[in-house]
Each structure stands twice: as C-alpha cells, then as structure tokens.
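Values quoted throughout were computed directly from the atomic coordinates according to the rules given, and no laboratory measurement underlies them. All values reported here derive from a predicted model rather than from experimental measurement. Cβ sites come from the backbone with ideal geometry, for glycine too, and all protein chains shown count toward neighbours.
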Amino acid sequence: MTGFERWSTAMRRALYGPEGFYRRELPGHHFATSAQTPAFATAIAALVDEVDERLGHPETFTVVDVGAGNGDLLFHLSELLDARAALVAVDLRPRPAHLPERIAWRQDPPERIEGLLIACELLDNVPCDVAVACDDGQPRYEEVNEQGETRVGDPIAEADANWLSEWWPIKAEGDRAEIGRPRDQIWRNLTDRLASGTALAIDYGHSKDRRPEGGTMTGFKDGRETPPIPDGTRDITAHVAVDSIGADRIEPQHEALKNLGLNATRPPLALAYRDPTAYAVALANASATARLTDRSGLGAQWWLRTDRGGRREIPSPPTD
C-alpha cells in the first residue's frame, strides 16, 4: 500500500488489522507497562478491596482488564484475590496458554460489570486523527502513508473541529494536535457497562494548560522509541487528553500508588543478615515500586477514575 490515509485509518490497520501489531506481537517484547509487574498488582488488589468495601461486598464482584495483552495483571491478581473475584481479560489476541483457568478470556467486554474495570495503556492506542493548522489558521487532517510520509488532507469535520475548539485549539501555521474524541467515546462506552464499582484508565497524557507542542504521536519497537510508521511492525501511540475523558477523579500514578500503600523505601540492611530471603523479596518490591512511581517514567502516567454506586469519592483536581 503506497497511498495516503488519515491517521485514524492508518493506526487501525497497523495496530488491529489482520496483520496488525497487536494481532501478532506481545507488547512486553517491545515496551514496558505497569501491568507487567507484581508490585502493581499488589496495588490493584488493594484497590479491589477498597471498591469491594464501598459496594458492601456484593455477591458478585468482577475484575475486567480491557486490553489485557498477555494477561500479566490478572495472572498476578489470581494469586492475590480469593475465588469470589471473577477475573475477565479482554483482548484481541488468543488466550495465552499459561493463564490459570479462573481467568476468562474474551474479545469484547461484558455487557454489565459490577466491580472493577481497568484499562492500562489502552486509550493511547485508540486510533485517532491528527489535525494540522494551515496558513489560514484553519485545521485540516494530516494524512500518512505506509512509509510514514505525511501530507495535509481534507478540512476537519464539524464534530472534530468542535472537540479541538474545546480541548486543544490550534491556530499557528504548522501546529498539530491529536483529536481525542474517539478516546472519549471508547471510555464512555466502557463506563456505560459499569453497573456499580470503579472504572480506571491508566495512561500517559496531558491537560489543556499543558498540551505538547507538535503532538505526541510516536512508535515503539524492540524496546526503543521509533518514528510512528504505520506498517504493522511497531506500536503506535499518542498521549491522552486526560481532561476531556470525563473522569470523576484524575491523579498521577505516583500519588495513586502511594495512597494504595506501595512503598519504595529500601529494607534495612540488618534484615539481610536475619532473613536473607525476606530481604531479597523486600528489596525487589522496593525497586519495582520505585520504577512504578518514577515521575520521569511510569509514575508520570495518569489515573482516570470513575466511581458508581456505594459511597462516592470526592473528585480531586489534577496535580503535578
């Protein structure tokens, strides 16, 4: 294919088409996510307990991981949560053979969810269009071909123009913006399935007062950041406009994990002499937590939380 197309079409084909990246590749081979670490699962298990308590310990409690990848998060949760918690993975890939039987695997989310719905680095992979401001100040769609070459395309449709006007205005010639309207819609569709409990999206993102100049579209392949060439060989991602999603509460991951009890403090050296095994485990957990809360890395991700049913949490504003 050598023709040009809008970024949303190119991303959908390159990531989710028959020969797309997420049909063929294991994300862990190309980039690291919080969901791959047992320490992160420990925090999510604490969140499950919090939500379960708020709902009054309902007879049915389900943890749904949308965009489960290789099932790492639910695999770790299966060792932390008792049998009352139903575990459901949602992903396009076939079910990994190593997962325990208690983890259900499906391609579409359940219609009704009571419990916790989590999407870790899902929204930044939802195909979106890129807008470019032209010499007259009006935005047009940017088009791309399979070699990664770009050109200016058609004028922006009304719905996308309205989203840009509200959430990411661009006026100076050459300004670029990623149109987050499809991400907003995907998250609304998911939270509409939540009868009671909590929906949590975790993603890299930005707010209106700090939109990145030029956008964030990029690629990842074999552990390295690459140009976002939509040829199916690499992940293509764009950060999320977190304030447009419509969450009840937005907070950075380093704060969220701290509030859930994760601690990056190294264990005392004396423990190594008294109990070498316990020291090694505690040191590994502290190192993993430090990585998860690093403000220049995973700790800079945003937690976008929506609560339904039970005692409602008081929303808090975004913080640095």
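How big is the charge dipole of the chain about its Cα centre, in debye rounded to the nearest 20, if each Lys and Arg gets +1 on its Cβ and each Asp and Glu gets -1 on its Cβ? Display every interim value, and only then the final one.
Values: 36 positive and 51 negative charges, 148 e Å.
The dipole of the chain has a size of about 720 debye.
Arrange Leu269, Leu292 by Cβ neighbour counts within 10 Å, fewest through most, would you? Provide the component values of the computation, followed by the final result.
Working: Leu269 9, Leu292 22.
Fewest to most other Cβ atoms nearby, the residues stand as Leu269, Leu292.
First measure r as the distance between the Cβ atoms of Asp294 and Glu50, then evaluate 1/(1 + (r/R0)^6) with R0 = 25 Å and state the FRET efficiency to the nearest 0.05. Walk me through the numbers before you get to the answer.
On the way: r = 24 Å, r/R0 = 0.96.
Rounded to the nearest 0.05, the efficiency is 0.55.
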The residues Cys134, Cys120, sorted from fewest to most surrounding Cβ atoms within 10 Å, come out as Cys134, Cys120
Here the net charge surrounding Asp82, from other residues whose Cβ is less than 14 Å away from its Cβ (Lys, Arg +1; Asp, Glu -1), is -2
Using eta = 1.306 mPa s and T = 10 °C, Stokes-Einstein with Kirkwood Rh from Cα pairs puts D for the chain, in µm² s⁻¹, at 76
Running a GNM on the chain with Cα contacts under 10 Å, which residue among Ala270, Ala68, Ala39 ends up with the highest mean-square fluctuation?
Ala270
In terms of the ratio Rg/(2.2 N^0.38 Å) built on C-alpha atoms, what value belongs to segment 110-241?
1.15
Enumerate the calculated ³J(HN,Hα) couplings along segment 70-78 in order (Karplus 6.51 cos²θ - 1.76 cosθ + 1.60, θ = phi - 60°), each rounded to whole Hz, writing x wherever the residue is Gly or Pro.
9, x, 4, 4, 5, 4, 5, 5, 5
Can you tell which of Leu260, Thr306, Leu92 lies farthest toward the positive end of the dipole of the chain, using +1 and -1 charges on the Cβ of basic and acidic side chains (Lys, Arg; Asp, Glu)?
Leu260
Karplus-derived 3J(HN,Hα) from phi for segment 162-170 (6.51 cos²θ - 1.76 cosθ + 1.60, θ = phi - 60°), whole Hz, x at Gly and Pro, runs 5, 5, 4, 4, 7, 10, 8, x, 10
Amide H proximity to Leu260 below 5 Å, modelled H, separation 5+ or other chain, gives none
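Let's see if you can work this out: charge +1 on each Lys and Arg Cβ, -1 on each Asp and Glu Cβ, no other charges. What is the dipole magnitude of segment 74-118 about its Cα centre, in debye to the nearest 20?
Values: 6 positive and 7 negative charges, 20 e Å.
Using Cβ point charges on Lys, Arg, Asp and Glu, segment 74-118 gives about 100 debye.
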Residues whose built amide H sits under 5 Å from the amide H of Gly197, excluding neighbours closer than 5 in sequence, are Gly115, Arg308, Gly309
Note: segment 22-161, point scatterers on Cα, Debye, no solvent; log10 I/I(0) at q = 0.13, 0.15, 0.21 Å⁻¹ equals -0.69, -0.80, -1.22
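Rule-of-thumb check for segment 82-161: C-alpha Rg over 2.2 N^0.38 Å?
It is 1.74.
Round to the nearest 0.05 the FRET efficiency obtained for Glu166 and Arg102 when R0 = 45 Å and r is the Cβ-Cβ distance. Show your work: numbers first, answer last.
Values: r = 43 Å, r/R0 = 0.96.
Computed FRET efficiency for Glu166 and Arg102 comes out at 0.55.
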Which shape class applies to segment 228-291: rounded if a/c is under 1.5, otherwise prolate when a/b exceeds b/c and oblate if not, where a ≥ b ≥ c are the square roots of the Cα gyration tensor eigenvalues?
oblate
Is the shape of segment 116-168 best called rounded, prolate or oblate, per the rule: a/c under 1.5 gives rounded, else a/b larger than b/c gives prolate, else oblate, with a ≥ b ≥ c the square roots of the Cα gyration tensor eigenvalues?
oblate
At q = 0.19 Å⁻¹, what log₁₀ I(q)/I(0) does a Debye calculation on the Cα points of segment 166-223 give, no solvent, two decimals?
-0.88
Hand me the GluC sites (Glu not before Pro) from segment 51-147 located in a DSSP loop with no more than 14 other Cβ atoms within 10 Å, in residue order please.
Glu59, Glu79, Glu101, Glu111
Need one number: convex hull volume per residue for segment 80-120, Cα atoms only, in Å³.
98
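Starting from the Cα-Cα distance between Asn259 and Arg151, subtract it from 0.36 nm times their residue separation and give me the gain in nm to one decimal.
Working: separation 108, 0.36 × 108 = 38.88 nm, distance 4.57 nm.
Separation in residues times 0.36 nm, less the Cα-Cα distance, equals 34.3 nm.
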Indicate, rounded to the nearest 5 percent, the antiparallel portion of the DSSP beta bridges found entirely in segment 24-147.
20
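Which whole-number percent is the relative contact order of segment 111-264 (Cα, under 8 Å, 6+ apart)? Walk me through the intermediate numbers first.
Details: 254 pairs, mean separation 43.0, N = 154.
Normalised by residue count, the contact order of segment 111-264 is 28 percent.
Using only helices, what value at 222 nm comes out for the chain when you add -39,500 (n - 2.57) per DSSP H run of length 4 or more and divide by the total residues, to the nearest 500 deg cm²/dmol? Spell out each step's value before the answer.
Working: 9 runs with 87 residues, N = 320.
Estimated from H runs of four or more residues: -8000 deg cm²/dmol.
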Longest segment of the chain with no trypsin sites (Lys or Arg not before Pro) in a DSSP loop having at most 14 other Cβ atoms within 10 Å?
172-294
Using the Karplus equation 6.51 cos²θ - 1.76 cosθ + 1.60 (θ = phi - 60°), what ³J(HN,Hα) coupling, rounded to whole Hz, does each residue of segment 171-183 give in order, writing x for Gly and Pro?
9, 6, 3, x, 4, 10, 8, 8, 7, x, 4, x, 5
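Where the only charges are on Cβ atoms (+1 Lys, Arg; -1 Asp, Glu), what is the dipole of segment 213-298 about its Cα centre, to the nearest 20 debye? Numbers along the way, then the final one.
On the way: 9 positive and 11 negative charges, 90 e Å.
The dipole magnitude comes to about 440 debye.
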Net +/- balance of residues flanking Ala159 in space, Cβ distance below 13 Å, scoring K and R +1, D and E -1
-4
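Among residues other than Glu142 whose Cβ falls under 13 Å from its Cβ, what is the net charge (Lys/Arg +1, Asp/Glu -1)? It would help to have the intermediate numbers written out before the result.
Numbers: positive: Arg6, Arg140, Arg151, Arg176; negative: Glu5, Asp129, Glu143, Glu149, Asp154, Asp160, Asp175, Glu178.
Net local charge, Glu142 excluded: -4.
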Which is farthest toward the positive dipole end of segment 132-254 among Ala247, His206, Thr237, measuring Cα position about the Cα centre, with Cβ charges +1 (Lys, Arg) and -1 (Asp, Glu)?
Ala247
